[in-house]
């Protein structure tokens with residue numbers, strides 16, 4: 001049986017067609033979903049899209065360990081029903097032990113096509129339950145060290161030397177630059193690709209251009225400080241983006257992005273990729289995971305956030321089509337949540353969580369990492385899922401294998417991956 | 001720029017803090033006989049303790065004396081502010097009671113909300129934001145936060161009580177709540193009005209207590225739901241369910257509001273603090289939505305918090321006991337001192353100053369006005385290193401630009417437009433008021449705000465404002481440069497720089513602006529006169545407000 005048939009079948013089984021009403025899909029499965037013997041044209045630029053789930057996602061609801069009996073014992077009202085449990089909506093089985101939250105249905109075809117992997121029980125060696133410290137640690141890549149000035153993605157890109165680096169090597173979609181991209185790489189933060197210029201005024205079309213020239217002169221002064229430096233990079237970026245005009249790229253292959261903040265950001269990442277502006281790392285936040293109360297189960301608050309995530313990722317993969325061969329999406333979150341539900345049908349700050357890896361070079365369709373178990377005696381500090389995979393091991397693998405960062409580059413100072421046991425998430 | 005003379009004499013302050021709101025004793029921060037109050041000193045004060053100078057402010061402060069000006073700002077009740085108070089009538093929700101807000105802005109039909117969400121996920125319907133708020137014709141709850149943001153921006157620009165407004169922003173972010181978390185949509189306005197504003201120059205403990213008991217905070221950090229372990233709900237939708245502890249508020253109280261993340265508490269302390277606050281709730285969704293203590297929900301055992309024992313049986317007072325313990329903790333003095341020094345002096349405040357402000361905290365039981373005095377009396381505050389060392393946050397950039405151009409409220413397109421448009425401008429630059437989701441609020445340091453996209457946004461706002469394209473906000477740049485000969489662009493430029501930034505731009509910036517005068521788009525050519533006839537002062541003003549210098553304060 002050819003791979004194409006196989007893919008088509010699982011696609012149908014996953015119900016993606018019915019769900020999205022994308023009948024056009026039946027006519028042509030994106031070639032991205034069909035593994036081919038050869039990779040894309042040589043020399044194509046590899047890109048990474050880092051998605052930060054701020055607020056600490058409950059990994060146990062996102063990727064449900066339905067085979068662990070302690071899971072259902074710990075969660076009377078918020079557990080996700082096991083596959084074939086007879087409930088009208090249940091988790092979607094992955095391998096007999098783990099299952100996707102039903103809201104992740106849109107990305108199940110990617111799992112089936114082995115483009116999507118999960119790393120579970122992944123997290124930080126430092127057990128802080130402060131969102132802000134844990135986010136900083138994950139973004140600087142130095143758990144426990146607060147003085148690290150730059151982010152791991154900046155260090156990674158700096159180590160991956162470029163002869164003529166594009167101002168769009170690293171882009172954060174949003175008004176602020178995340179810590180992961182701060183540093184020497186000179187990343188760009190943009191709230192929107194549509195508004196990335198000095199506006200021309202209505203009365204005189206030419207004068208906007210002239211105002212830009214004026215501002216440019218002001219920021220081009222030889223002063224070495226944060227404002228002038230950023231200003232110079234800004235104008236370089238503006239010119240390049242004007243020439244590339246990413247706005248002309250409409251979603252392809254029938255992709256429909258959710259009309260949410262996250263969906264709109266991912267759509268713009270796709271536009272930057274297609275416009276070939278030299279993007280190597282894009283960073284996108286998706287917020288709303290701090291579910292202390294009423295987090296819901298198959299439906300509810302968390303289900304809605306997960307649906308936003310999965311609809312967005314599915315649309316992105318579909319939109320990019322073949323280009324997904326060279327693109328990797330990595331999700332991350334500062335920590336997970338307590339194994340037991342709290343008094344308010346929610347969960348408090350915990351330890352390990354699950355991360356998703358999606359793309360052409362992923363050895364997908366597998367859950368990676370050792371499962372530490374959820375029985376009371378197996379928990380970290382008697383309350384949380386223990387960390388069995390240091391997030392730096394996963395991040396390092398992504399940096400080395402996908403981005404081609406040289407292994408000798410110390411982008412995670414003080415971290416030595418466990419000997420002889422690579423995760424092997426990437427082919 | 002003229003050399004910045006550190007007037008050590010300025011530190012010799014004779015400012016006497018008067019009691020609660022009574023008339024201040026006449027005194028002065030600086031002694032002009034010893035150190036002349038230079039433009040730089042006055043500008044520094046107007047940039048740090050106010051949202052930047054308006055034309056004429058430097059002269060006004062000089063006439064009054066820096067010390068007297070600061071002292072008035074430290075006693076905002078003594079400053080007449082009727083004009084802005086009248087303006088704010090345009091935003092009726094900011095004065096409405098919680099009850100009225102819930103009555104006037106009914107909750108939208110949950111089924112309709114779910115339907116709109118579903119559409120959004122599938123890529124149909126309207127985009128995220130306003131549209132899913134309400135069906136057509138329904139009063140939109142989002143107006144409550146929008147009017148509060150508009151009022152906040154109008155106050156930043158036009159209130160005479162400038163330091164008060166800066167502190168409202170500072171303390172709101174310190175005790176942040178997020179306007180889009182369910183009930184907070186209605187409670188946000190009462191929260192700022194009742195829990196933050198009255199205490200911004202008062203005792204820190206009062207701020208902690210007022211926020212701890214406010215329904216907005218109780219809801220935002222979930223404490224209203226937190227109960228002793230094993231409580232079984234007797235009624236309501238959860239009838240028969242076992243309830244229990246929620247750590248959210250307890251953790252943020254220790255981590256963010258008081259001790260600080262490295263302040264020396266443990267996970268055990270978080271649980272004990274959460275136990276102490278069980279039962280601190282509010283009457284919601286049924287009831288008057290006011291604070292209520294629920295004795296049945298309270299864990300009445302004894303608690304051990306940071307080495308102190310809270311005896312069993314304390315009931316509602318357990319929470320008060322925790323607030324006393326944490327607000328008297330030396331780590332809290334340090335955390336608050338560091339944040340104030342970071343806001344008013346520099347992103348990395350000198351440890352010597354932080355030490356002194358922390359000591360003031362401990363000596364005065366957390367008196368915020370006294371800590372402010374320690375800061376404005378400090379050598380570090382007046383040092384050259386601190387001068388223009390801070391980057392303006394978005395709301396500061398927006399407000400200071402409007403002030404620099406002496407903006408006023410226009411009658412078109414409507415009375416409420418000015419505030420909404422100014423808030424929208426700040427939002428475009430990344431600071432959407434009342435919409436910071438995490439409990440840290442918006443950051444106060446340059447690294448968060450200086451980036452390519454944000455700088456472009458700032459330039460674009462400068463253009464819109466100077467060219468009168470912010471609806472409802474009127475500027476008259478022509479009037480500002482009145483007196484300068486329009487046929488002499490250099491003269492116009494000097495006049496503009498004098499009136500907007502007191503000539504405080506680098507020689508190089510002055511040169512570049514001057515070169516712009518030769519740009520045909522700046523100097524308009526008229527048909528009957530081949531020479532430069534008419535300097536485009538609006539564009540020039542935009543360049544000044546968008547310049548690197550103007551991003552600093």
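Laboratory data are not the source of any read-out in this text; all were calculated from the coordinates shown. The model shown is predicted, which means the values in this text are computed figures rather than measured ones. Glycine gets a Cβ as well: all are built from the backbone with ideal geometry, and neighbour counts include every protein chain shown.
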For this session: Using the number of other C-beta atoms within 10 angstrom as an exposure proxy, rank B:175, B:277, A:412 with the fewest first.
Result: A:412, B:175, B:277
Exercise. To the nearest whole number, what is the average tally of beta carbon atoms from other chains within 10 Å of the beta carbons of peptide A:287-300?
Worked result: 3
Problem set entry | Degrees separating the helix B:489-501 axis from the principal Cα axis of chain B, which is the longest one | 30
Problem set entry | Euclidean distance between Cα centres, segment A:79-99 to segment A:294-336, Å | 19
Seminar exercise, completed: Counting only DSSP beta bridges with both partners in the protein assembly as shown, the antiparallel fraction in percent, to the nearest 5, comes to 55
Problem set entry | Full-stretch length increase - residue A:220, residue A:84 - with 0.36 nm per residue and alpha-carbon distance subtracted | 42.5 nm
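Taking neighbour Cβ counts within 10 Å as the exposure measure, how do A:107, B:84 sort from fewest upward?
B:84, A:107
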Exercise. Mean shadow of segment B:385-449, computed from the convex hull of its alpha carbons, in nm²?
Worked result: 5.6
Exercise. Given the alpha-carbon gyration tensor of the protein assembly as shown, what are the semi-axes of its equivalent ellipsoid in whole angstrom, ordered largest first, with each equal to the square root of 5 times an eigenvalue?
Worked result: 46, 37, 26
Problem set entry | Sorted by Cβ neighbour density within 10 Å, fewest at the top, the residues B:480, A:110, A:302 | B:480, A:302, A:110
Exercise. What is the packing order of peptides A:305-312, B:49-56, A:49-56, taking the mean over residues of other C-beta atoms within 10 Å and listing the highest first?
Worked result: A:305-312, A:49-56, B:49-56
Exercise. Can you give the angle from 0 to 90° between the axis of helix A:131-140 and the longest principal axis of chain A, with both taken from C-alpha atoms, to the nearest 10?
Worked result: 60
For this session: Determine the distance separating the Cα centre of segment B:367-417 from the Cα centre of segment B:145-169; give it in Å without decimals.
Result: 11
Exercise. In nm, to one decimal, how far is the modelled label at residue B:180 from the one at residue B:365, with both set 7 Å along Cα→Cβ?
Worked result: 4.2
Seminar exercise, completed: In chain A the DSSP beta bridges are antiparallel at a rate, in percent to nearest 5, of 40
Seminar exercise, completed: Output for segment B:304-454 (equivalent-ellipsoid semi-axes, sqrt of 5λ from the C-alpha gyration tensor, Å, descending) is 36, 23, 15
Seminar exercise, completed: Expected integer from the mean partner chain Cβ neighbour count at 10 Å over A:302-308 is 2
For this session: Using only atoms on other chains, find how many Cβ atoms lie within 10 Å of each Cβ of peptide B:226-236 and report the average.
Result: 1
For this session: Report the extension gain between residue A:162 and residue A:252 in nm, rounded to one decimal, defined as 0.36 nm multiplied by the number of residues separating them, less their alpha carbon distance.
Result: 29.4 nm
Exercise. With each pseudo-label sitting 7 Å past Cα toward Cβ, what's the residue B:487-residue A:419 distance in nm, one decimal?
Worked result: 8.8
For this session: Go through B:222-232, A:378-388 and give me the packing order, highest mean Cβ count within 10 Å leading.
Result: B:222-232, A:378-388
Seminar exercise, completed: One quarter of the C-alpha convex hull surface, i.e. the mean projected area of segment A:329-427 in nm², amounts to 7.8
For this session: Determine the shape class of segment B:170-323: with a ≥ b ≥ c the square roots of the Cα gyration tensor eigenvalues, call it rounded for a/c under 1.5, and otherwise prolate if a/b is greater than b/c, oblate otherwise.
Result: oblate
Problem set entry | Cα→Cβ-extended label distance, 7 Å offset, between residue B:60 and residue B:229, nm | 6.0
Exercise. By the gyration tensor of its Cα atoms, with a ≥ b ≥ c the square roots of the eigenvalues, what is the shape of segment A:75-127: rounded for a/c under 1.5, prolate for a/b over b/c, or oblate?
Worked result: oblate
Problem set entry | Peptide ranges A:113-121, A:398-406, B:189-197 listed from the most packed, as the mean C-beta count within 10 angstrom indicates | A:113-121, B:189-197, A:398-406
Problem set entry | Shape call, chain A: gyration tensor on alpha carbons, a/c limit 1.5 | prolate
Exercise. Which part of segment B:423-443 falls in the paramagnetic zone of residue B:140, meaning amide N under 16 Å from the point 7 Å along Cα-to-beta-carbon?
Worked result: B:423-425, B:427-428, B:433, B:435
Seminar exercise, completed: At the level of C-alpha centres, the distance separating segment B:483-499 and segment B:431-471, in angstrom, is 29
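Pull out the extension gain between residue A:322 and residue A:242, defined as 0.36 nm times the separation in residues minus the alpha carbon to alpha carbon distance; nm, one decimal.
Separation in residues times 0.36 nm, less the Cα-Cα distance, equals 26.3 nm.
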